[in-house]
Amino acid sequence: MGCAEKKAENKQPHGIDNQTIDAYYTSHADFFKMSDPSHLPTNLIWQTGLNEPEFANIHAPKGGTLHLAIADFPRTLRPVGPDSNSGLRDALYDTNTLSLVDTHPNTLAYIPALASSWALGDDQKTVYFKINPKACYSDGTPIRTGDFFYNFYFMCSPHIQAPWYNNWYTETYESVTYYNDFTLSVTLKNKTIDPVWYGNLAPTPRHYYGELTPDYPRRYQWSFPPTTGPYELKPENIIKGRKVTLSRVKNWWAQDERYYRGRYNVDNITYRTVRDVSSAFERFKKGEIDIIDLTLPEYWYKKSQVPAVKNGFIERAIFYNQVPRSPAGIYLNEQAGILTNVNVRRGIAYALNLDQVIETCFHGDYKRLSSCAEGYGRFSNTTIPPTPFSPAKAEAAFALAGFHKKGKDGILINENGKRLSFTLTINNGPLQEMYTLLQNEADKAGVEIILESLDPLTVYGKIMSKKHEAVASAWGGGFSRKPESYWQFFHSKNALTPGTNNITNTADPELDVLIDNYITTESEAVAQSLSCQIQEKVAARYAYLPTWYCPYYRVGYWRWLCFPEAFNVMISDNALDYGLYWIDENKKTETKKAQETGMHFPEKIGTYGTADLSEIIIPNG
Amino acid sequence: MDKIPLLSVENLTVGFTVNGHVLHAAEAISFKIHAGESLGIVGESGCGKTALAMALLRLLPHPKGKIVGGHIFYQGEDIVPMPLERLYQIRGGEIGFIFQEPMTALNPVMTIHKQVIEAIKLHRKLNKSEALLAAIQLLEEVGIEDPETRLKAYPHELSGGLRQRVGIALALAGNPTLLIADEPTTSLDASHKAQILSLLKTLQKKRGLGLLFITHELGLMRTLCDRIAIMYAGQIVETGTTHNFFEHPKHPYTRALLAALPILTGPKKDRLSSIMGHVPGLGEWPKGCRFVDRCPHAQPPCHKPQSYIKTDTGPVLCCRVHEL
Amino acid sequence: MWAYIARRLLLIPLTLLGITLIVFALTRLVPGGPLERALMEIQMGGHSKGVSTSPLSEEQLSGLKTYYGLDQPWPVAYGHWILKIMQGDLGESQRYNDPVWDMVIARLPISLFYGLTAMILTYGICVPLGILKAMKPHGWLDKGSSIMIFLGYALPNYVLGSFLLVVFAGYLDWFPLGGFISDDFETLTFWKKIQDLIHHSILPLCCYLVGSFAFVTLLIRNTLIEQLAADFMRTAIAKGLSFKQAVWRHGLRNALVPLATDFGQNLTLVLSGSFLIETLFDIDGFGLLGYNAILDRDYPIVMGILFLSALLFLLGNLISDLLLAWVDPRVRFQ
Ligand SMILES: Nc1ncnc2c1ncn2[C@@H]1O[C@H](COP(=O)(O)OP(=O)(O)OP(=O)(O)O)[C@@H](O)[C@H]1O
Ligand SMILES: [Mg+2]
């Protein structure tokens, strides 16, 4: 193995040199606890997670180069700190980092990663991990308990200029304990139904960063630290502004491990900056880019009708994934004017012709979102139906709120002559078309939507100062087993407080109780039931009006790029997620030859995944 | 006396294309100028004097203006069909041209030096210093004091009178034998006007130049010109010696002109304009005598096409010339 | 004249002070600065592990404010900025953490290449073309080229660019799909490098040229036609010059006067570039840098580029004026 020869036996967790880090540990002895294996609880049940099915094609050949395009070159290559949220972040870090354990992408069970086994403490707050002795960074340095200690030092440092990270690590964790170089435990502040999810840390290489100083952001702006993942970015492979090339870590320690076999097969992945979408598509048609996203209807239905597709040189696939859906929707401010009346809000829900938007703007491909937490399996309340478009029901609801009469312009007014009208703030951009359609349809129900289209930053400023009436927004988010955001979005503590995500300004004591219980419960079953109740309650308030989601991703790719039979795993966000693909060089020469000789292959469109919600696999429990 | 005239214009017709139609600005013009002789052409504004003068050196604006017919013999050589190479030699080298507007006739972005030297070098084989000397002489000849300094100046730095002197110098630079001056004094004030006139006269005498002097100011003619041609609406209506012109005018138009001339020093208005009515514009000319609408003696025959009638003073374009 | 130039040069710093002061104040007073952008990215990014979305403490916020240089009142911050400028320091990008000056220098070759080539081509082609058109107005060359010019002018250069890209780089495959040079540029021989550069630059150049092409050609054509009808042209011809000589020696110089009035602005070519064309052809030039800096709220870059382009603009104006005085002696310095 790559790091076998570099057997450093770090008795103490320490990195390159300086005592300041060690001093930091000592001065935070309550957090950084030193212990020894004899103090490990004896009743621990160690999990190895080796009984889950493998999901890669373990016979996939290695080699080749994958050519991809990115829309903008990152401002930095740092993993943490200002601007580290770039378009390359996923490729460099989020999908290219092994943490202690991994989640099986189909069964959602925990599987080994850096840790070969783990165990849950009795307190429902502590998780124990045993590090795989083979585990090492891309530079060959072995991964030891000290790297997890250092992770806290790093993430809590003010010098990374990322208080959000500082906060997370201080809010979430109680302590971390060193037993030996291969054994550690992580203790959470609060009990939770899924401590492993929280306890699952990624190491930070102390030998690379050492003591952090205020120049951290600048100093590491363009450097890629030693990684635990399958690909590294060497300095000579960075052409600033134009291109980066990831290369497969030589003899990556995990490459033959169960669950990692047959994955991360290509030797190199190049990301070229192609800022213009149509230019990227031209490059794809030329074969300079191997795979391209065709999720947009325009590209899927029209622009991909090219000879290379018809001749089977380019294949297409549509994959119905099962991931938590972003809570896209219209957020009505419960504390603003007429919107304080629940009947007004309910009426608005009936006045939104979302089906028509999906039909006309999304080719009928998108789906109605019905709740604020969809795609979380049992945590999602599937009994909430999407609100249908019904001017009659809308008017009935408006009437209950006192809006009886229609004015000359067809907009309802109440006894005081107040018009039923509110301002909907939206981001300028491609979605304006959809909201204009909603606006026109809402007229039929007698409610006037005034669209205010602003640049995203201005919209953000407006909603964070809670000065909006209504806003159309979507929050991003990574995969999580259970909805995490109820407290942020709907707890009265965050209502009317500037800078919080409760942009509906919802303040409902009953809802607060449910949310508080949801956070503290230790029982998964209780949590699931509470989650469903919260969603029902949120739905009944009609402050968050869910709109739509995209139940799939669609791609076009040159036929030499191969995927496993199932194409990808259930929770994949895109075709390349989980690194299951490989490049077939024979097919490549065959294709090139065919292009020259005028031969062709059958056109291929594959449909994978499942669009059926009932097939969702329930998290282990 | 039957030498070849310096310039002999025969039946010259000049046209402008307006909206696709060729309209004549000067029609069937004939006259002669002998060496050393000066001919004045007088006519109201718009009667085609400039058109005629331009046509003589084929300077009409291309492609609108055009010589429709006739001949222009310069020392027996017809300018109308002449190849361009020869024409370039004649322009400036044989015939000099003085323009009406001294303010715009000079290139504003070139020094006087450059413009004069250029004209000299075009027609005379001189080296640099010789050309400079010639330029200084030339300026002195046209009465410019301190020529060395003036040469360095740009046109806008000179007064109108000086500029016109430079214009004359330019016209003389190629040592021409014939000078065409198209209203050279019209835009000058009275004192400059007199100076320029006497300058022209001196030069003409000294160099023995043929001179075609165009003006609408009758008074200028008396001292300067040997003979006078009266132009009306594109035609020459009467030609004769200066003496006969003032003493024995034949054409009713000529008479009207003279009658309208109170005293030479009278108010500086356009004296010709005091004749009742106005000159008909291009294409509005009557079929017969073009003066018919303004003529106090008009009779039915006047409405028929006219031809020149010989008189003791010269040809006159009026059917009733002998009856009046 | 020297006094005039000195006076104009003295005015430049004052003007720059005014311009930069206004923009600097704007960057601070307009809502939505770099801090808000950073907050938004985190908050709208949604819930992910390792990142807390609970509101930041005052202390944390002020820490970030310091990081983004927003901790001082803006007049003070502006004072610091000006002091730095006077020492030749344009500051450092807040997002790239690179010195703005270095970022400018890095893009200089690209902008200089496109700017100079476009300028040489514009003047090299448009001036002769304009002259030819003026000498035979309404001839076949004039009419034919006018149709092309108007077509090019009416077409937004982005649309033209997309079209050229799809047809000539995509479908016909004659040109590369964007980029300034090939990836293996360093390894090429000198001549291959030149070839590579030309190969990459033809399509973007077409886009850069359409607009100015029409403008300069028509300017030359129309002023020359005007000049050809001027009295001094007739004088020149009456002197015995041929038409061509008269055009060259007399007409042209006068026709160049309006061209001289903004010739100095070619100086700003050094910092120019269209973000649309640069996006389309993936050229890392000033257009993109400036545009992104504004979107990014990367104010040091915004201010740096503003400062440099204002400086060049003012110098360009001065050069234009001097040039105009040189070609047209009627213009005087007051
Ligand atoms: N370029 C042209 N196109 C069309 N018509 C023209 C042009 N130049 C002159 N004309 C017309 O030809 C006629 C004669 O003009 P011309 O300039 O020869 O008159 P003129 O006798 O010199 O008058 P002035 O005393 O005003 O100089 C006028 O009716 C004028 O309108
Ligand atoms: Mg005239």
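The values are calculated or read from the model by the stated rules, or taken from the named source; none is laboratory data. These figures come from a predicted structure and were not determined experimentally. Please note: Cβ atoms are built from the backbone with ideal geometry, for glycine as well, and neighbour counts cover all protein chains shown. To get the accessible areas, we keep the full protein, side chains included, count just its heavy atoms, and leave off ligands, DNA and RNA. Shrake-Rupley method; radii C 1.70, N 1.55, O 1.52, S 1.80 Å.
Given R₀ = 45 Å, what would the calculated FRET efficiency be for B:Thr17 paired with C:Trp174, taking r from the Cβ atoms and rounding to 0.05?
Details: r = 47 Å, r/R0 = 1.05.
Here the calculated transfer efficiency is 0.45.
Pop out the ³J(HN,Hα) list for region A:186-202 in order, Karplus 6.51 cos²θ - 1.76 cosθ + 1.60 with θ = phi - 60°, rounded to Hz; leave Gly and Pro as x.
Coupling constants for region A:186-202: 10, 10, 8, 5, 10, 5, 8, 6, 9, x, 4, 4, 7, x, 6, 9, 10 Hz.
Considering only B:His156, B:Gly36, A:Trp253, whose Cα is most displaced toward the positive end of the charge dipole of the protein assembly as shown, charges sitting on Cβ of Lys, Arg (+1) and Asp, Glu (-1)?
Farthest along the dipole direction, towards plus: B:Gly36.
Evaluate the charge dipole of region A:18-246 about its Cα centre and quote only its size in Debye, nearest 20, assuming +1 on the Cβ of each Lys and Arg and -1 on the Cβ of each Asp and Glu. Don't skip to the answer; put the middle values down first.
Values: 18 positive and 22 negative charges, 128 e Å.
My answer is approximately 620 debye.
Tell me the angle of helix A:524-541 to the major Cα principal axis of chain A, expressed in degrees between 0 and 90 and rounded to the nearest ten.
The angle comes out at about 30 degrees.
If I model a spin label as a point 7 Å beyond the Cα along the Cα-Cβ vector, how far apart are those points for A:His404 and C:Arg249 in nm?
Taking the simple label geometry, A:His404 and C:Arg249 are separated by 9.7 nm.
Just the projected area, averaged over all directions, of the convex hull on the alpha carbon atoms of region A:18-246: how many nm²?
Numbers: hull surface 55.8 nm².
About 13.9 nm², averaged over all directions.
Return P(r) of region C:2-86 (all Cα-Cα pairs; 5 Å bins starting at 0; whole %; ordered from short to long distances).
3, 11, 16, 17, 13, 10, 9, 7, 5, 3, 2, 2, 1, 0
How high is the relative contact order of chain C, given as a whole-number percent (alpha carbon pairs under 8 Å, six or more residues apart)? Could you put the intermediate results ahead of the total?
Values: 327 pairs, mean separation 81.1, N = 334.
That works out to 24 percent.
What do you reckon, how do A:Arg378, B:Arg163 stack up by accessible area (1.4 Å probe), largest on top? Display every interim value, and only then the final one.
On the way: A:Arg378 130, B:Arg163 25 Å².
The most accessible residue leads, giving A:Arg378, B:Arg163.
GNM, chain C, Cα, under 10 Å: largest mean-square fluctuation among C:Met40, C:Met135, C:Met233?
For chain C, modelled as a Gaussian network with Cα springs under 10 Å, the answer is C:Met40.
Which order do you get for C:Leu160, C:Leu151, B:Leu126 if you rank them by accessible area with a 1.4 Å probe, largest at the top? List each step's numbers first, then the result.
Numbers: C:Leu160 25, C:Leu151 110, B:Leu126 55 Å².
Largest to smallest exposure gives the sequence C:Leu151, B:Leu126, C:Leu160.
Could you pull the accessible area for C:Met148 with a 1.4 Å probe, rounded to 10 Å²?
For C:Met148, the solvent-accessible surface is approximately 130 Å².
Can you list residues whose amide H is under 5 Å from A:Lys466's amide H, if they're 5+ apart or on another chain and H is modeled 1.01 Å from N?
A:Gly499
Please report the Cα spread of the protein assembly as shown along all three principal axes, rounded to whole Å, starting with the longest.
149, 77, 71
Under a 5 Å amide H to amide H cut-off, with H placed in plane at 1.01 Å, what residues pair with A:Gly262 once short-range neighbours are removed?
none
Semi-axes of region A:519-580's equivalent ellipsoid from the Cα gyration tensor, sqrt of 5 times each eigenvalue, largest first, rounded to whole Å?
Those come to 37, 18, 7 Å.
Relative to the longest principal Cα axis of chain C, at what angle does helix C:34-44 sit, 0 to 90 degrees, rounded to 10?
60 degrees
In the full protein assembly as shown, how much of A:Tyr231 is accessible to a 1.4 Å probe, in Å² to the nearest 10?
Ignoring ligands and nucleic acids, A:Tyr231 comes out at about 10 Å².
Apply the Kirkwood formula to region A:135-258: the hydrodynamic radius equals the inverse of the mean of 1/r over all pairs of different alpha-carbon atoms; give it in Å with one decimal. All intermediate terms of the calculation are to be shown ahead of the outcome.
On the way: mean 1/r = 0.0614 Å⁻¹.
In region A:135-258 this quantity evaluates to 16.3 Å.
Relative contact order of region A:18-246, please, whole-number percent, based on alpha carbon pairs below 8 angstrom and at least 6 residues apart.
Working: 366 pairs, mean separation 59.1, N = 229.
Dividing the mean separation by the residue count of region A:18-246 yields 26 percent.
Along its three principal axes, how long is region C:224-311 when you only count alpha carbons? Whole Å, largest extent first please.
For region C:224-311, the Cα extents along the three principal axes come out at 65, 28, 16 Å.
Using DSSP, restrict attention to beta bridges with both residues in region A:18-246 and report what percent are antiparallel, rounded to the nearest 5. Mind showing how you got there, number by number?
Details: 23 of 26 bridges.
If I count the DSSP bridges inside region A:18-246, around 90 percent turn out antiparallel.
Hey, how much of the P(r) for chain C falls beyond 35 Å, as a percent of Cα pairs?
For chain C, the share of Cα pairs beyond 35 Å comes to 41 percent.
Given R₀ = 35 Å, what would the calculated FRET efficiency be for A:Lys250 paired with A:Ala29, taking r from the Cβ atoms and rounding to 0.05?
With a Förster radius of 35 Å, E is 0.30.
Can you find, among A:Ala527, A:Asn414, A:Leu514, the residue farthest towards the positive end of the dipole of region A:329-549? Put +1 on the C-beta of Lys and Arg, -1 on that of Asp and Glu.
In region A:329-549, that residue is A:Asn414.
Could you compute how much accessible surface B:Thr239 exposes when probed at 1.4 Å, giving the result in Å² to the nearest 10?
Answer for B:Thr239: close to 20 Å² accessible.
Could you please put C:Glu58, A:Glu288 in sequence from largest to smallest accessible area, using a 1.4 Å probe?
Numbers: C:Glu58 145, A:Glu288 75 Å².
Reading off the accessible areas and sorting them downward yields C:Glu58, A:Glu288.
Which whole-number percent is the relative contact order of chain B (Cα, under 8 Å, 6+ apart)?
Numbers: 585 pairs, mean separation 66.9, N = 324.
It rounds to 21 percent for chain B.
What whole-number volume per residue, in cubic angstrom, does the convex hull of the C-alpha atoms of region A:329-549 give?
Details: hull volume 27.0 nm³, N = 221.
In region A:329-549, the Cα hull volume divided by residue count equals 122 Å³.
Grab the Cα-Cα distance for B:His71 and B:Asn127, subtract it from 0.36 nm times how many residues apart they are, and report the gain in nm with one decimal. Don't skip to the end; give the middle numbers.
Values: separation 56, 0.36 × 56 = 20.16 nm, distance 3.69 nm.
Roughly 16.5 nm would be gained on extension.
Kindly provide the trypsin sites (Lys or Arg not before Pro) of region A:447-496 that DSSP labels as loop, not H, G, I, E or B, and whose Cβ sees at most 13 other Cβ atoms within 10 Å.
Numbers: sites: A:Lys462, A:Lys466, A:Lys467, A:Arg481, A:Lys493; in loops: A:Lys466, A:Lys467, A:Arg481.
Listed in order of number, the matching sites are A:Lys467.
Run through the DSSP bridge list for chain A and note the antiparallel percent, rounded to the nearest 5.
Working: 54 of 77 bridges.
Of all bridge pairs located within chain A, approximately 70 percent are antiparallel.
Helix-only mean residue ellipticity at 222 nm, chain A, DSSP H runs n ≥ 4 weighted -39,500 (n - 2.57), per residue, nearest 500. What is it?
Details: 17 runs with 154 residues, N = 621.
So the helix-based figure for chain A works out to -7000 deg cm²/dmol.
Report, in degrees rounded to the nearest 10, the 0 to 90 angle that the Cα long axis of helix A:277-286 makes with the longest principal axis of chain A.
50 degrees
Shape of region A:232-288 from its Cα gyration tensor (a ≥ b ≥ c, root eigenvalues): rounded if a/c is under 1.5, otherwise prolate when a/b > b/c, or oblate? Can you show the working numbers first?
Values: a/c = 3.84, a/b = 1.79, b/c = 2.15.
Oblate shape, in that a/c is at least 1.5 and b/c is the bigger or equal ratio.
Among the listed pairs A:Lys285/A:Lys588; A:Lys467/A:Lys537; A:Lys405/A:Lys444; A:Lys466/C:Lys49; A:Lys240/A:Lys286; A:Lys310/A:Lys588, which have their C-alpha atoms separated by more than 19 angstrom in this model?
Working: A:Lys285/A:Lys588 15 Å; A:Lys467/A:Lys537 24 Å; A:Lys405/A:Lys444 14 Å; A:Lys466/C:Lys49 26 Å; A:Lys240/A:Lys286 24 Å; A:Lys310/A:Lys588 17 Å.
A:Lys467/A:Lys537; A:Lys466/C:Lys49; A:Lys240/A:Lys286, as the Cα separations exceed 19 Å there.
Given the C-alpha centroids of region A:381-440 and region A:41-59, what is the distance between them in whole angstrom?
Spelled out, the Cα-based centre of one part sits 52 Å from the other.
Looking at this model, which pairs from B:Lys66/C:Lys239; B:Lys206/C:Lys239; A:Lys367/A:Lys462; B:Lys128/B:Lys152 are more than 23 angstrom apart at the alpha-carbon? Could the numbers behind the result be given before it?
On the way: B:Lys66/C:Lys239 20 Å; B:Lys206/C:Lys239 21 Å; A:Lys367/A:Lys462 29 Å; B:Lys128/B:Lys152 15 Å.
Over 23 Å apart, Cα to Cα: A:Lys367/A:Lys462.
Return the Cα extents of region B:76-219 along principal axes one, two and three, sorted largest first, each rounded to a whole Å.
41, 40, 29
What does the convex hull of the Cα atoms of chain B come to per residue, in Å³, rounded to a whole number? Please list the in-between numbers first.
Working: hull volume 45.7 nm³, N = 324.
Considering the Cα atoms of chain B, their hull volume per residue is 141 Å³.
Could you please report the charge total around A:Phe389, scoring K, R as +1 and D, E as -1 over all other residues with beta-carbon less than 14 angstrom from its beta-carbon? Intermediate values should be presented prior to the final figure.
Details: positive: A:Arg346, A:Arg368, A:Lys393, A:Lys444; negative: A:Asp355, A:Glu359, A:Glu395, A:Glu441, A:Asp443.
Computed value for this residue: -1.
Answer with one residue from A:Gly49, A:Tyr231, A:Trp168: the one whose Cα lies farthest towards the positive end of the charge dipole of region A:18-246, charges on Cβ with Lys, Arg +1 and Asp, Glu -1.
A:Tyr231
Between C:Asp183 and A:Asp122, what is the spin-label point distance in nm, taking each point 7 Å from the Cα along the Cα→C-beta axis?
Rounded to a tenth, the inter-label distance reads 5.9 nm.
Compute the label zone of A:Asn416 within region A:442-481: residues whose backbone N is under 14 Å from the point 7 Å along Cα-to-Cβ.
Once the point is set 7 Å along Cα→Cβ of A:Asn416, nothing inside region A:442-481 turns out to lie under 14 Å by backbone N.
Roughly how many nanometres apart are two label points built 7 Å out from the Cα toward the Cβ at B:Asp189 and C:Tyr4?
2.8 nm
Using a simple charge model, +1 on the beta-carbon of Lys and Arg, -1 on the beta-carbon of Asp and Glu, nothing else, what dipole does chain B show about its Cα centre, in debye to the nearest 20?
Dipole about the Cα centre, nearest 20: 120 debye.
Run the dipole for the protein assembly as shown about the Cα centre, Lys and Arg Cβ at +1, Asp and Glu Cβ at -1, nothing else charged, and hand back the magnitude in debye, nearest 20.
Value, rounded to 20: 5000 debye.
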